[in-house]
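For reference, the structure discussed in these notes is given below.
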Amino acid sequence: MPVAIRSFAKINIGLVIGPPGMRADGFHELRTVYQTITLHDTIKLSLTAGSTGIEIKCKESQVPCDESNTCYRVAERVMKALKSRGKLTITIEKSLPVQGGMGAASSNGVATILGIEKLLKKPLPGAERLRIAAEVGSDLPLFLIGGAVLGVGRGEQVFPLPDLPPIHVVVATPDIRVSTPKAFTAWDGFFHENPPAKNAQVGHPSLTVSGQTSKLNEFSQSIYEWLSVGFSPVASGVSAKGGNRAEAPLLDLVRTGIENDFERVVFTQFPDLRDIKRALEREGSRYASLSGSGSTVYGLFSTKAEAAKAASRLSKDGIPAQATEILSRAEYWKQLVVSGK
């Protein structure tokens with residue numbers, strides 16, 4: 001029986017990028033908080049006996065339907081790991097933007113893993129599932145957790161965080177394509193043009209670039225401080241700057257000053273994205289940011305009405321926007337399967 005899986009999007013609440021050359025594997029060290037939201041694609045899978053192969057179908061011309069597709073790469077590995085044969089057809093029904101910084105391709109890949117397991121009624125061991133996800137791409141593992149997730153390493157090392165309170169989100173998705181590899185290249189160029197001051201750590205120049213290693217550590221400290229509030233015997237749970245109890249955990253997190261480092265280079269290349277962030281701030285968002293390397297820009301709002309009003313006004317101004325909300329870990333897994341037992 002065919003299976004349909006919702007492939008939910010994510011946003012990044014803060015993203016710190018380490019200096020070039022810090023890792024031996026050529027990737028950049030990252031710190032970020034991933035948060036799943038209710039916007040999604042749908043992945044439909046079917047398996048036919050008597051033939052073999054993988055077929056990708058998608059009406060969106062920007063989505064590759066060959067071996068380079070994330071779903072294909074995942075499916076190839078999962079079928080091999082489960083020692084299964086047959087003609088696997090994967091249909092991607094797109095709602096999320098391509099190269100939008102919302103993790104669409106990565107989420108599609110994880111939906112494919114889970115869909116194949118349901119099709120075959122053969123669950124992968126958790127460690128094997130995570131291995132395949134991390135091997136295919138840095139953003140995939142977060143979708144094996146859902147909700148609020150801490151990402152470290154190159155983003156593939158993921159740890160569940162306590163769920164944030166219900167937060168309403170406005171997602172603006174202009175028709176701009178931002179290449180993540182090119183954004184990282186621009187980031188490296190930024191450092192070459194802004195060489196760091198030397199310090200006493202002779203022999204470890206990569207650790208001194210513009211204080212980025214310290215910034216990575218500061219991000220981790222900010223997350224620790226945010227988490228520790230809930231375990232403090234004297235913490236009231238009330239935001240120091242006011243606001244209701246439900247808002248406090250989010251405000252405590254964003255008040256640390258976390259930001260998305262990609263904004264330094266992407267906003268220079270695509271100034272319209274900076275303007276969209278400013279528009280969200282004018283509309284009253286409590287926090288606005290680029291998601292991933294973009295092009296999606298989002299704003300967090302206190303109420304559903306505020307988010308709907310902001311999305312409407314942005315859309316009237318020619319900025320494609322829609323109101324949505326964050327998705328808790330429990331709801332993520334509850335809503336994942338559309339059809340198929």
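The values are calculated or read from the model by the stated rules, or taken from the named source; none is laboratory data. Please read all numbers here as calculations on a predicted model, not as lab measurements. Glycine also receives a Cβ, built like all others from the backbone with ideal geometry; neighbour counts cover every protein chain displayed.
Selection of region 72-99 for residues being closer than 18 Å to K122 by Cβ and either without any contact (Cβ under 8 Å) to a residue 12 or more places away in the chain or among the aliphatic types (A, V, I, L, M) (or both) yields V74, A75, V78, M79, K80, A81, L82, K83, L88, I90. Across region 146-160, the number of residues qualifying as touching a helix residue (DSSP H, G or I) at 6+ places or on another chain (Cβ under 7 Å) and surrounded by 19 or more Cβ atoms within 10 Å (Cβ to Cβ) comes to 7. With respect to being in contact with a helix residue (DSSP H, G or I) (Cβ under 8 Å, 6 or more places away or on another chain) and touching a residue at least 12 places away in the same chain (Cβ under 8 Å), L142 fits the description.
Selection of helices (runs of 4 or more DSSP H) fully inside region 182-281 by the criterion of at least 2 residues being at pLDDT below 90 and hydrophobic (A, V, I, L, M, F, W, C) returns 212-229, 248-254. One residue stands out among those in region 20-30 that are over 19 Å from L144 (Cβ atoms) and out of contact with any Asp or Glu (no Cβ under 8 Å at 6 or more places or on another chain): the one that is surrounded by the most Cβ atoms within 10 Å (Cβ to Cβ), which is H28. Note on region 287-321: residues that are touching a strand residue (DSSP E or B) at 6+ places or on another chain (Cβ under 6 Å) and surrounded by fewer than 18 Cβ atoms within 10 Å (Cβ to Cβ) total 3. What do you reckon, is I113 over 21 Å from T296 (Cα atoms), free of Cβ contacts under 8 Å to residues at least 40 places away in the same chain and crowded, with 18+ Cβ neighbours inside 10 Å? It is true that I113 is over 21 Å from T296 (Cα atoms), free of Cβ contacts under 8 Å to residues at least 40 places away in the same chain and crowded, with 18+ Cβ neighbours inside 10 Å.
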